[in-house]
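Enquirer: One structure, pasted below without further comment.
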Amino acid sequence: MRNRFSAPGLATLALLLATACEAQYAGPPADLVVTNANVVTIDPANPRAGAVAVIGENIVAVGTDQAIQAYIGEATEVIDAGGRLLIPGFNDAHAHYGGLDPDYIDLRYITDKNVITERVRERVAQVRPGEMIRGGRWEHEMFTDREWPTKELLDGVAPNNPVSLTRADGHSTLVNSYVLRASGITRDTPDPPGGKIQKDPVTGEPTGIFKEAARSLLSYDAVQVERTPEEEEARRRQGWDAMLELTRSLGITSIQHPGGGSAETYQRMMDEGRLTVRVDVAGTLTDDPERLGRYDELRMQYPPDGNWIRFGYLKGFMDGTLGSGTAMFLEPYEDEPGTRGLPQMSYEELESRVLASDAMGFQIGIHAIGDEANRWILNAYQEAREVNGVRDSRHRSEHAQVLADADIPRFAELGVVASMQPTHCITDKRFAEKRIGLERSRGAYAWRRLLDTGARIAFGTDYAVEPLNPMEGLYAAVTRKDRMGEPGDGWFPDQKLSMEEAIELYTVGAAYAQFMEDRKGRIKEGYLADMVIVDRDLLTVPEDQIMPAQVDATIVGGKVVYRR
Ligand SMILES: [Zn+2]
């Protein structure tokens, strides 16, 4: 209750303070002010606030509702957040981002293998013989029988079309017999280095599953779809617009490509005023001086001090995945004692590429899932410091999924960023113990153990391996429970994070991984005005209310780009 006569001393003091603040701010009015908000700033110097003022692309003041009033002028756009949560925009540090393909058969979360057959049958009816049929995101560990799918699911409904359906992790692919014929693959074809052609244990015939490098053996003999260049362009444009709209609606304001991403495509969208997410594109880790020279040119064109399109890091692959049984471990798999995974290059190659790229001042990020893969890349990064000298290189382990005890402190020691995806934990925990046993699982998705050693973590999704929605990642990080909200404390509950920590790793943690923590990822004066209004207080709602949370508004660079 307000009664200004009951405590005249305090009221006078407050009035004086407010006047003093107003008197101090004599600059131009803000372009945008968000008032009446529950601002979780992720700024340790000023963790909570009620309002934010923005001029141009930047935040100019963060304070109480009353203090920010001084920034409101006639032309200021004022958003009353109605007490809702305002946090920094999400920064996905690892997303295989791109325009959506309207014809892609999305098999995410299916549990019945016959759905694959049905969906392919529907698609075959829409295309001509010979046209390529693509899809994926299936996960055999979710099938009721937990068995790998085989070409027989496809052959009956697609005898005359090449079909390629990728596993959710993107590391294994199911194809039909049409593709086997087109590729000349038979029971006698040997596994290529770093790859595996799955064969039926009884008949010896290829099952249709190709893992890792074995996919490079595939050719599709596909009939080109006839589209005019205009139709092709319109299709591409629609796909990108759909993706950007999805991104805005999820509160994602920055994306970091793990390899790939076309700066040119983004530049065109930027020039047309369509780009609403900041992006880092990436190159491929190499020791070829000519390619490194080209990346250097691209880096000069899209330099690190930019805020929209930047050249990020050079990406390499050390191993495969836990789900495909191709991640590289120091000890054999529990459920497949004959294998320790599939290295995607020798240690000598790895070191040569790391040394050459590091010498030119590039940041490096290498996909490393198994404990041995992580050890190798840490060794190579350490070698780079010894040979090329210590600098603020922020090399990254992309995934850092399973770590040996001895390697956990090395992240902080070597300044290596763990680029992790919390949803992988709740997706993979279903089979992690079966594959690697309980003891090794203690080093799996070990966020808390890493943070305790002073390591830096950046959160992301690994989209399209996992959905792009950051709420799923926040849920995974704070619960370590499956998406159905299983009972209990979660998987290795001592590794759970608080909601504020999870948001921090998804904002300023991800910004650190791209050398932008000085200007992005906090709601703080001078920082880029990338902010999100969420429909509920993520910090206090029950666990089952986290994943359904909706973004009500997304602000990028001071512009409101999305309202629900
Ligand atoms: Zn990835």
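No value in this document is a laboratory result; all are computed from the given coordinates. In this text the structure is predicted, and so the values were computed from the model without any measurement. Because the Cβ atoms are built from the backbone with ideal geometry, glycine has one as well, and the counts that use them run over all protein chains shown.
Enquirer: Where the centre of each part is set by its Cα atoms, how far does region 427-503 sit from region 199-272, in angstrom?
Expert: Each part reduced to its Cα centre gives a spacing of 27 Å.
Enquirer: Still on this structure, I have one more. Full extension from residue 484 to residue 152: what is 0.36 nm times the residue separation minus their Cα-Cα distance, to one decimal in nm?
Expert: Working: separation 332, 0.36 × 332 = 119.52 nm, distance 3.14 nm.
This chain segment gains 116.4 nm when fully extended.
Enquirer: Okay, next question. Putting +1 on Lys and Arg Cβ atoms and -1 on Asp and Glu Cβ atoms, find which of 96, 369, 249 reaches farthest to the positive end of the dipole of the chain.
Expert: Result: 249, furthest along the dipole toward the positive end.
Enquirer: Treat the chain as a sphere of radius equal to its Kirkwood radius over Cα pairs and apply Stokes-Einstein at 20 °C in a medium of 1.002 mPa s; give the translational diffusion coefficient in µm²/s, rounded to a whole number.
Expert: Values: Rh = 25.3 Å.
This corresponds to a translational diffusion coefficient of 85 µm²/s.
Enquirer: At a Förster radius of 25 Å, what calculated FRET efficiency corresponds to the Cβ-Cβ distance of residue 228 and residue 297, to the nearest 0.05?
Expert: My answer for the efficiency is 0.15.
Enquirer: Starting from 0.36 nm per residue, how many nanometres of slack lie between residue 65 and residue 336 once their C-alpha separation is accounted for?
Expert: Additional length available on full extension: 91.5 nm.
Enquirer: Now for a separate question. Based on Cβ point charges of +1 for Lys and Arg and -1 for Asp and Glu, what charge dipole magnitude is obtained for the chain about its Cα centre, in debye rounded to the nearest 20? If you can, show how the numbers build up before the last one.
Expert: Values: 63 positive and 87 negative charges, 133 e Å.
Dipole magnitude for the chain comes out near 640 debye.
Enquirer: Per residue of region 91-106, in order, report the coupling 6.51 cos²θ - 1.76 cosθ + 1.60 (Karplus, θ = phi - 60°) as ³J(HN,Hα) in whole Hz, putting x for Gly and Pro.
Expert: Karplus-based 3J(HN,Hα) across region 91-106 equals 10, 8, 6, 7, 9, 7, 8, x, x, 6, 9, x, 9, 5, 8, 8 Hz.
Enquirer: Still on this structure, please answer the following. Skipping prolines and chain starts, which residues have an amide H placed within reach, meaning under 5 Å, of the one on residue 342, given they are 5 or more residues away or on another chain?
Expert: For residue 342, whose amide H was placed from the backbone, the distant partners under 5 Å are 320, 327, 328.
Enquirer: Let me ask something else about it. Within the P(r) computed for region 484-538, what percentage of the Cα pairs occupies the region above 19 Å?
Expert: Tail fraction, whole percent: 45.
Enquirer: If you don't mind, another one. Nearest 5 percent is fine: what portion of the DSSP beta bridges confined to the chain is antiparallel?
Expert: DSSP beta bridges in the chain are roughly 45 percent antiparallel.
Enquirer: Taking amide H positions as placed in the peptide plane 1.01 Å from N, state which residues far from residue 536 in sequence (5 or more) or on other chains have amide H under 5 Å from it.
Expert: 85, 550
Enquirer: From the cross-link list 481/559; 434/496; 199/434; 199/429; 196/429, which pairs have alpha carbons spaced over 31 Å apart?
Expert: Values: 481/559 36 Å; 434/496 21 Å; 199/434 22 Å; 199/429 27 Å; 196/429 24 Å.
Where the Cα-Cα span goes over 31 Å, the pairs concerned are 481/559.
Enquirer: Oh, and also: Which longest uninterrupted range of the chain lacks any GluC sites (Glu not before Pro) assigned by DSSP to a loop state (not H, G, I, E or B) and surrounded by at most 11 other Cβ atoms within 10 Å?
Expert: Numbers: sites that count: 74, 147, 226, 272.
Longest site-free region, per DSSP loop and neighbour criteria: 273-564.
Enquirer: A follow-up question, please. Checking understanding here: applying a Kyte-Doolittle mean of at least -1.0 and a length along the axis of at least 20 Å (C-alpha), which whole DSSP H helices in the chain pass?
Expert: Those that clear 20 Å and a mean of -1.0 are 8-24, 422-441.
Enquirer: Follow-up question, since we're still on this one. Give a residue-ordered list of calculated ³J(HN,Hα) values for region 189-196 (Karplus: 6.51 cos²θ - 1.76 cosθ + 1.60, θ = phi - 60°; whole Hz; x for Gly, Pro).
Expert: Once θ is set to phi - 60°, the couplings for region 189-196 become 5, x, 5, x, x, x, x, 9 Hz.
Enquirer: Between residue 438 and residue 202, how many nm apart are label points set 7 Å from Cα along the C-beta direction?
Expert: Result for the modelled spin labels: 3.6 nm.
Enquirer: Short version: ³J(HN,Hα) in whole Hz for each residue of region 399-407, in order, from phi by Karplus 6.51 cos²θ - 1.76 cosθ + 1.60 (θ = phi - 60°), x for Gly and Pro, what are they?
Expert: So the Karplus estimates, Gly and Pro as x, are 4, 6, 6, 10, 10, 6, 3, 5, 8 Hz.
Enquirer: I would also like to ask the following. For region 329-422, build the charge dipole from Cβ charges (+1 Lys, Arg; -1 Asp, Glu) around the Cα centre, then report which of 329, 393, 411 sits farthest towards its positive end.
Expert: 393
Enquirer: Say each of residue 452 and residue 352 gets a label point 7 Å from the Cα, pointing the same way as Cα to Cβ; how far apart are those two points in nm?
Expert: 4.1
Enquirer: Using a basic spin-label model with each label point 7 Å from the Cα along Cα→Cβ, how many nm lie between residue 392 and residue 109?
Expert: 4.2
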